[in-house]
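Coordinate-derived values only; no laboratory data. Keep in mind that this is a model prediction, so the values were computed, not measured. Cβ placement follows ideal geometry from the backbone for every residue including glycine, while neighbour counts extend to all protein chains displayed.
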Amino acid sequence: MPVRAEHDRAVLAELLGRDPVLHAYQLGDLDDFFWPYTSWFRRGDEVALLYHGVELPTLLAFASPRGAGELAALLEELAPVLPVRLWAHLSPGLEATVARWYEVRDAAGHHRMALTDPARLARVTAAGETLGRADLPALLDLYAAAYPGNWFDPRMLDTGRYVGIRDGGDLVAVAGVHVWSPTWRVAALGNVTTHPRVRGRGLAAAAVAALCARLRADVDHVTLNVRADNTTAVRLYERLGFTRVADFTECALRRRP
């Protein structure tokens with residue numbers, strides 16, 4: 001079965017919705033907010049997304065173990081026509097598939113986690129205020145000090161799903177989203193950080209608790225990505241009721257000569 005470009009959102013939603021936690025980011029990208037920056041490819045029931053709304057296009061290719069072979073076949077057909085340079089999020093083993101065409105660099109293992117025990121979250125005292133566009137300069141300053149190099153699209157502030165905590169008038173902690181889609185009932189936390197001078201006071205947990213309480217009003221699945229070697233963050237999210245549900249690799253790809 002050959003690979004094909006897929007332009008029908010309803011078809012994509014049906015396929016991705018079979019595992020909304022694994023495909024939360026892709027489901028979110030079906031929204032009008034992200035859709036113009038996406039290209040979708042399908043082989044059978046497996047789907048790959050190329051997101052080109054950032055400087056370095058990003059490939060998302062996730063599958064359950066049962067669908068891994070079909071998705072690998074999709075990437076084998078797709079790889080020769082992908083950009084020369086891109087970033088990729090790949091289910092385990094798929095980096096070996098694309099290595100025929102690309103040099104794989106900066107590979108790092110990640111966990112996909114999902115909120116499965118909200119009772120734990122309820123035991124955390126939530127705190128924080130909703131951030132908007134007027135808070136962008138302070139938020140950028142916080143990221144420069146506490147989370148340099150993070151991926152942040154200022155448009156996400158327009159969702160009203162960024163929560164910040166101040167100390168002495170300064171923004172010192174934030175919890176936000178990479179994806180928030182009431183249409184597809186999924187959200188993905190992102191850009192969570194605390195200023196180094198106030199770490200250890202539970203501010204990130206308080207902001208995440210406040211944000212998740214808001215998200216759960218209009219989504220069914222709250223997810224996040226975290227580096228596997230970031231044990232501090234993994235323990236924090238486990239304490240808040242998140243469970244590891246899948247592993248994947250993030251890596252840079254550069255086409256071989």
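Only Lys, Arg, Asp and Glu count, each charged at its Cβ (+1, +1, -1, -1), so figure out the dipole size of the chain about its Cα centre, rounded to 20 debye.
In total the dipole reaches around 580 debye.
Using a Debye calculation, one point per C-alpha and no hydration shell, please list log10 I(q)/I(0) for the chain at q = 0.15 Å⁻¹ in order.
The computed values of log10 I(q)/I(0) come out as -1.09.
State to the nearest 20 debye the size of the charge dipole of the range 1-120 about its Cα centre, where the only charges are +1 on K and R beta carbons and -1 on D and E beta carbons.
180
Which of HIS52, HIS195 has the fewest other C-beta atoms within 10 Å, and how do the rest follow up to the most?
HIS52, HIS195
With contacts defined as alpha carbon pairs under 8 Å and 6 or more residues apart, what's the relative contact order of the range 88-212 in percent?
The normalised contact order for the range 88-212 reaches 26 percent.
How about the range 1-89: which GluC sites (Glu not before Pro) there are in a DSSP loop, with at most 14 other Cβ atoms within 10 Å of their Cβ?
Sites meeting the loop and neighbour criteria: GLU55.
So, with +1 on the Cβ of K and R and -1 on the Cβ of D and E, and no other charges, what is the size of the charge dipole of the range 117-240 about its Cα centre, to the nearest 20 debye?
300
Against the longest alpha carbon principal axis of the chain, how many degrees, from 0 to 90 and to the nearest 10, is the axis of helix 68-78 turned?
70
Exactly which trypsin sites (Lys or Arg not before Pro) in the range 151-185 are in a DSSP loop and have at most 16 other Cβ atoms within 10 Å?
Answer by residue number: ARG185.
In degrees between 0 and 90, to the nearest 10, how far off the longest principal axis of the chain does helix 136-146 point, with axes built from Cα atoms?
80
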